[in-house]
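Taking it in order: structure first as structure tokens, then the write-up.
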Amino acid sequence: MSAPHEILDAVRRWITKAENDLRNAEYVLTLPDNCPADTVCFHAHQCAEKYLKALLVYRQVSFPKTHDLVVLLNLLEEGSKPDLQAQDILALNRFPVEARYPGTWDPISVQDASAAVATARKVRSAVRACLAVDLGLEGE
């Protein structure tokens, strides 16, 4: 599928923002002391969300204002979905709120943060595979 130039530009902008979130998450996770795991998880979620929205833009599928990754994934038709299942990304759905606001939820650990970054990388890889030809992402 070859998308129009303006669509590809919009997709690239989503990817740039997603990559910035992933770099933030990966860097903060390397802090040897007092790693703010909540911040890592928030940025990992944001990376995944922006990659899914990039793919929705590419497929020209409208999407609501939501942070729910499963909702975003399910907007894609079976033949146009990345190689992801809802259960692959569900764990990230707690972080848009829990990572940013105080509450009575379970603490977010460095192990949670490591898992969140791994999931963001998985989403990144799966979505980039769908976009590779039109955006020149082969081998990345």
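The values are calculated or read from the model by the stated rules, or taken from the named source; none is laboratory data. Please read all numbers here as calculations on a predicted model, not as lab measurements. No Cβ is skipped: glycine too gets one built from the backbone with ideal geometry, and neighbour counts run over all protein chains shown.
A few points about this structure:
- Residue match in region 35-44 (condition: surrounded by 16 or more Cβ atoms within 10 Å (Cβ to Cβ) and either closer than 24 Å to Glu77 by Cβ or aromatic (Phe, Trp, Tyr) (or both)): yes
- Residue ID - nearest to Arg128 (Cα to Cα), chosen from residues in region 34-82 that are among the small types (Gly, Ala, Ser) and more than 14 Å from the chain's Cα centre (by Cα): Ser80
- Residue check for Leu52: within 23 Å of Ala10 (Cβ to Cβ), surrounded by 14 or more Cβ atoms within 10 Å (Cβ to Cβ) and touching a residue at least 60 places away in the same chain (Cβ under 8 Å): yes
- Unique match (being modelled with pLDDT of 95 or more and charged (D, E, K, R)) among Glu26, Glu6: Glu26
- Residue check for Thr66: part of a loop (DSSP other than H, G, I, E, B) and of a type outside the set (A, V, I, L, M): yes
- Scanning region 28-48 for residues that are touching a residue at least 24 places away in the same chain (Cβ under 8 Å) and of a type in the set (D, E, K, R) turns up just one, Asp38.
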